[in-house]
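To start, the structure under review is shown below, and the notes come after it.
The values are calculated or read from the model by the stated rules, or taken from the named source; none is laboratory data. Keep in mind that this is a model prediction, so the values were computed, not measured. Glycine gets a Cβ as well: all are built from the backbone with ideal geometry, and neighbour counts include every protein chain shown. Areas reflect the complete protein model, heavy atoms only, side chains present, ligands, DNA and RNA absent. Shrake-Rupley method; radii C 1.70, N 1.55, O 1.52, S 1.80 Å.
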Amino acid sequence: MFEPSAVTEICYPKTAKLLSVSQAQQNIRDVINSITDIEVIPIADGLGRILAETVLSPIDIPPQRNAAMDGYAFSSADITLNQPFCLKEIGTSWAGRPFMGSAEKNQCVRIFTGAVVPEFADSVIAQEQVERQANDITLPANTLAGKNIRAAGSDVKQFETLINTPKKLTACDLGLMAAAGVAQIKVKRRLTIGFFSTGDELTSVGQPLQSGQIYDSNRYMLAALLQDPNHFVSDLGVIRDDPELLERTLISAANAFDVLISTGGASVGDADFVKQILEKCGQINFWKLAIKPGKPLAFGKINNCWFFGLPGNPVAVLVTHQQFVRPALQQLSGLQPSKPLQLKAVCKTVLRKTPGRQEYQRGILNQTSAGELTVIAAGEQDSHQLKTTSLANCFIVLSSECNGVAIDEIVTVEPFDTYISV
Ligand code: AMP
Ligand code: MG
């Protein structure tokens, strides 16, 4: 349950210095609880969904002993020590068609990978290691007992935990549950998220651009950033810089969504109404963050709806979404919040910076043939410059104390992806 005081407590005094990125992240973490509603879905629809109930394996995996190789199944009691020995092949165990007969002394069964190992056998020898003449199979002097058999339950035992909660399900998880015969799973319901842009200057793509207007890039970027199997995302369009309209929109949207995200109008200009309206109709914190780009951030709750008022500049939207919105959505949908992977790289360009704010500069990360990570600035670093961000494949994270980076200094990078161009 949301406690109004929880948000009020983390309000930041107007006169105080800028709030650090980590403190703001912590403040958000402290107040958000996971939604509790659960739905049952077939595993085929499970990719990326958040498992809501720990899954136990109803069976042993594999269910029966089976061969790890194509070869011959035999009893180790028939091994003759230190010399080759001959066994009679009396049948075949195919994958899916086990050998049903029984065997006597010095007999063996042809077996294929995945086929059930017949009762009498406790060993499998690979076909490459034997010599065969008609049904006479000669095994070498160094034949070992007990090899090449996968025991029943050697992957997972019956009733053992298959997957613990909370977990965002991967392709491998779905394969694992399928191996256990699990057809349906309980997952958290999807979050409903509405987002909109604010600004008199904004035109949607497909419309002619009038003088003084710019195209709205944030909505298209946010729609993509929010794409996730755990979200139902609604584009609420552009809201003009009209306080009454903004207030009406916020109040009605807050009743319809779990989360509402706006961009723009969150600074302190004359047309920046988000803060005032939120103060009036919700429990809202307005933070001036020690982050660049992305200084102003409003966060809080309107009735039962979490609200994020992101800055207007597109690069600031990207950065604040990643640092604040994304972990909050993860936590709300039932996951532990995660953070971007950070690596150290040698910086090959000079980076300008003044102390005071943690910066997320846009960089191009490379790996040399020797494995060393190097990074260069992707270009100019103004918060309206999406082009350099589009060229980039990582953020170069510079601490608030940093006052610039010289060539060959080590910097921290957060890759956008775990793959880089070859
Ligand atoms: P604001 O916070 O509303 O003062 O906006 C800061 C800057 O971001 C201004 O230059 C705006 O024109 C720009 N901006 C605001 N919203 C958008 C948007 N949706 N798409 C592109 N630029 C925007
Ligand atoms: Mg504006």
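Observations on the structure shown:
- If you go through segment 355-381 and pick out every residue that is within 29 Å of Q23 (Cα to Cα) and touching a residue at least 40 places away in the same chain (Cβ under 8 Å), you end up with 9.
- Odd one out for K168 among (1) away from ligand 2 (no atom under 16 Å from the Cβ); (2) assigned by TED's automatic domain parsing to the domain that holds W306: (2)
- Residue in segment 366-385 that is of a type in the set (G, A, S), within 14 Å of I291 (Cβ to Cβ) and either touching a strand residue (DSSP E or B) at 6+ places or on another chain (Cβ under 8 Å) or crowded, with 18+ Cβ neighbours inside 10 Å (or both) present: yes
- Filter pass, G334 being in a loop (DSSP other than H, G, I, E, B), within 16 Å of ligand 1 (Cβ to nearest atom), touching a residue at least 60 places away in the same chain (Cβ under 8 Å) and farther than 15 Å from Q25 by Cα: no
- Counted residues, segment 48-79 - those being assigned by TED's automatic domain parsing to the domain that holds P98, open to solvent by less than 10 Å² (accessible area, probe 1.4 Å) and assigned to a loop (DSSP other than H, G, I, E, B): 0
- Qualifying position, being crowded, with 16+ Cβ neighbours inside 10 Å, modelled with pLDDT under 95 and within 15 Å of ligand 2 (Cβ to nearest atom), among A266, A271: A266
- Verdict on I420 being of a type in the set (V, I, T), open to solvent by 20 Å² or more (accessible area, probe 1.4 Å) and at pLDDT 95 or above: no
- Odd one out for K288 among (1) within 15 Å of ligand 1 (Cβ to nearest atom); (2) open to solvent by less than 20 Å² (accessible area, probe 1.4 Å): (2)
- The lone exception for N304 - which of (1) of a type outside the set (A, V, I, L, M, F, W, C); (2) away from ligand 1 (no atom under 14 Å from the Cβ); (3) at positive phi it fails: (3)
Yes/no matrix, rows are residues, columns are (1) in contact (Cβ under 8 Å) with a residue 60 or more places away in the chain; (2) aliphatic (A, V, I, L, M); (3) surrounded by fewer than 17 Cβ atoms within 10 Å (Cβ to Cβ):
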position: S102; (1), (2), (3): no, no, yes
position: Q107; (1), (2), (3): no, no, no
position: I137; (1), (2), (3): yes, yes, no
position: I149; (1), (2), (3): yes, yes, no
position: A152; (1), (2), (3): yes, yes, no
position: V156; (1), (2), (3): yes, yes, no
position: T170; (1), (2), (3): yes, no, yes
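- Hits in segment 100-148 (condition: over 17 Å from Q83 (Cβ atoms) and of a type in the set (A, V, I, L, M)): M100, A103, V109, I111, A115, V116, V117, A121, V124, A126, A134
- Residue that is farthest from D228 (Cα to Cα), among those in segment 205-216 that are part of a loop (DSSP other than H, G, I, E, B) and within 14 Å of ligand 2 (Cβ to nearest atom): G212
- Qualifying residue in segment 389-396 (condition: outside the structural domain of V317 (by TED's automatic domain parsing), more than 30 Å from L51 (Cβ to Cβ), in contact with a helix residue (DSSP H, G or I) (Cβ under 7 Å, 6 or more places away or on another chain) and open to solvent by less than 80 Å² (accessible area, probe 1.4 Å)): yes
- Residues of segment 180-204 that turn out to be away from ligand 2 (no atom under 16 Å from the Cβ), out of contact with any helix residue (DSSP H, G or I) (no Cβ under 8 Å at 6 or more places or on another chain) and open to solvent by 20 Å² or more (accessible area, probe 1.4 Å), as a count: 6
- Taken together, N366, N304, N285 contain a single residue that is within 27 Å of the chain's Cα centre (by Cα) and farther than 20 Å from V413 by Cα, which is N304.
- Condition check for L329: open to solvent by 20 Å² or more (accessible area, probe 1.4 Å), within 28 Å of F307 (Cα to Cα) and either assigned by TED's automatic domain parsing to the domain that holds N313 or not in a helix (DSSP H, G or I) (or both): no
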